[in-house]
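First comes the structure, then the notes that go with it.
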Amino acid sequence: MKQHQVAMLGTGFIADFYATSLHAQRSRDHVRIVYGRSAERGKAFGERWGVPDSTTDMAAAINHPDVDVVVVALPNHLHLDAIKQVAAAGKAVLCTKPLGRNAAEAREILDAVETAGVFGGYLEDLCYTPKTLKAVRAVRSGAIGEVTWVRSRETHPGPHSAWFWDGRLTGGGAIVDLGCHCIEIIRNYVGKGVRPVEVMCHADTLVHPIADEDNAVALIRFESGAIGQFEVSWTFRGGMDLRDEIAGTAGTIWTNHFLRTGFEMFTAGTAGGYVAEKAESEKGWLFPVGDEVVELGYVDMFTDMFRAIESGTAPQETFYDGYVVNAVMDACFRSAKSSRWEPVELFEWRGGVAPRIGSGVEPEKYDGKVVIKREILPDGRHKLILKDPASGDFEDRVVAA
Ligand SMILES: NC(=O)c1ccc[n+]([C@@H]2O[C@H](COP(=O)([O-])OP(=O)(O)OC[C@H]3O[C@@H](n4cnc5c(N)ncnc54)[C@H](O)[C@@H]3O)[C@@H](O)[C@H]2O)c1
């Protein structure tokens, strides 16, 4: 296994999370140089994380001779230019979410790495949480049958830096900031090979005095008939709510990543301090998160990225995935405007053709009739709802187990 030397572009919130993960638990991979606009913040970042060099020259960080992987941890409007520079340098590039401000920008990013033939990894940490990885494995192994509906929710009281609130720099509000996570979580459960076909979205600005949406809900219809549902908000009070629900023909999965992780604490407030990302209180009942970088997926995400770089294979989350996410969000904005289902427009679909849910499944028969539903009664017998295929009539029938 190689020891990777990373150039970190950015010194803010996510760069800190990434450095915590990269330098965690005696990891062999390290940040070699950090780029920041401000020399002071670059130096402070270097001191925080034991990074040998810092620079205010992005090209110098990217082209540093020891560096083989560049991590883009900059505001959304800077992703394209940074990635083009890394592609030109012929190095592997990992980019935070969202890939672009819109699908056109994401496609340019995708083209840049594919034309240069360099590795591109989409840093969508929430698809790598230990719970999500295990749940997706369970779904892929057939534990819940065919996936019919996936609900993904991310809400908090709003982002932590000025640039997030400026739609010109971000590409949108809560949809672009939080919906990107939900969409990719949904795709992982439905199956990356299943095409997202169309979107119905309602978005509004309910609380914050900004031009972009601070609340939105959307439905994504997949080719199999599966439904994705996401809910995002920048006005939720009480911390950060991160939950997923997956419904299948043979089972259900619920995951809660933040406010109820099984760690609940009460404090009268004598020793306040950091509790968890976006926590709004440091006293009363609190819901801390044991090891945020692990539980939010950052550690497994970098492990997958470096493994993929070394083995010359694709990571779980690729730049093409980032592009699809941007295309779904573009459709959300069109739908929020038109109040209609809007198609997800992709320049190319790299997945497969998905059969309709239930196709090829022979329904259970009883006495020549189709069993619509079977329920166990208190006395142990079974109650069947039957449909006569010839007449179309329905009937109740109680039978021995
Ligand atoms: N879970 C996640 O994956 C996650 C979480 C938060 C943020 N993000 C993403 O990370 C990126 C950065 O967000 P953040 O939360 O770290 O923001 P931040 O405001 O905390 O930090 C942004 C960094 O970029 C620098 N910067 C800002 N404007 C710049 C400019 N014009 N030129 C050069 N540098 C500039 C800042 O100085 C700072 O170092 C965004 O794309 C955001 O969507 C991802």
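Read the figures in this text as sums done on the coordinates, not as results from a lab. What you see is a predicted model; the values in this text were computed from it and never measured. Backbone-built Cβ (ideal geometry, glycine too); neighbour counts: all protein chains shown.
Quick one: what does P(r) look like for the chain with 10 Å bins over all Cα pairs, in whole %?
Spelled out per bin, shortest first, that is 5, 20, 29, 24, 12, 6, 3, 1.
Taking the number of other C-beta atoms within 10 Å as the exposure measure, put ILE309, ILE185, ILE246 in order starting with the fewest.
Values: ILE309 19, ILE185 29, ILE246 25.
Placing the least packed residue first, the sequence is ILE309, ILE246, ILE185.
Given H placed 1.01 Å from N in the peptide plane, which residues other than close sequence neighbours of THR318 have an amide H under 5 Å from its amide H?
The answer is TYR122.
In a GNM of the chain with a 10 Å cut-off on Cα contacts, which of GLY90, GLY284, GLY179 has the highest mean-square fluctuation?
GLY284
Trypsin sites (Lys or Arg not before Pro) within segment 20-60: which are DSSP loop residues with at most 13 other Cβ atoms inside 10 Å?
Numbers: sites: ARG26, ARG28, ARG32, ARG37, ARG41, LYS43, ARG48; in loops: ARG26, ARG28, ARG37.
Here the sparse-neighbourhood loop sites are ARG26, ARG28, ARG37.
Can you check what the Kirkwood hydrodynamic radius comes to for segment 127-343, Cα pairs only, in Å to one decimal?
On the way: mean 1/r = 0.0546 Å⁻¹.
Computed over Cα pairs of segment 127-343, the Kirkwood hydrodynamic radius comes out at 18.3 Å.
I'd like the projected area of segment 109-155, averaged over all directions, using the convex hull of its alpha carbons. Report it in nm² with one decimal.
5.4
If you put +1 on each Lys and Arg Cβ and -1 on each Asp and Glu Cβ, how big is the dipole of the chain around its Cα centre, in Debye rounded to 20? Numbers along the way, then the final one.
Details: 43 positive and 55 negative charges, 113 e Å.
Charge dipole, the chain, about its Cα centre: 540 debye, nearest 20.
Reported to two decimal places, what Rg/Rh ratio describes segment 5-122 when computed on Cα atoms with Rh from the Kirkwood expression?
0.95
Give me the extension gain from ALA24 to SER338: residue separation times 0.36 nm, minus the current Cα-Cα distance, reported in nm with one decimal.
Stretched fully, the ALA24-SER338 segment lengthens by 108.4 nm.
Of all chymotrypsin sites (Phe, Trp or Tyr not before Pro) in segment 255-337, which ones are in loop regions per DSSP and have a Cβ with at most 13 other Cβ atoms within 10 Å?
PHE263, TYR274
Whole angstrom only: what separates the Cα centroid of segment 225-301 from the Cα centroid of segment 191-207?
So the separation of the two Cα centres works out to 22 Å.
Roughly how tilted is helix 298-311, in degrees to the nearest 10 and between 0 and 90, from the longest Cα axis of the chain?
It is inclined by approximately 80 degrees.
Under 4.7 Å Cβ to Cβ, no partner at all: give me those cysteines from the chain, in residue order.
CYS95, CYS127, CYS180, CYS182
I want to check the label-to-label distance for PHE263 and GLU108. Put each point 7 Å from Cα in the C-beta direction and report it in nm to one decimal.
Simple spin-label model gives 4.1 nm for this pair.
Before anything else, pin down the relative contact order of segment 28-83: Cα pairs under 8 Å, at least 6 apart, normalised by residue count, whole percent.
Averaging sequence separation for qualifying contacts and normalising by length gives 30 percent for segment 28-83.
Within segment 350-378, which residues have the backbone N less than 15 Å from the label spot 7 Å out from ALA250 along Cα→beta-carbon, could you tell me?
Zone members listed by number: 358-364.
Would you work out the relative contact order for segment 91-155, in percent, from Cα pairs under 8 angstrom that are 6 or more residues apart?
Reported relative contact order: 32 percent.
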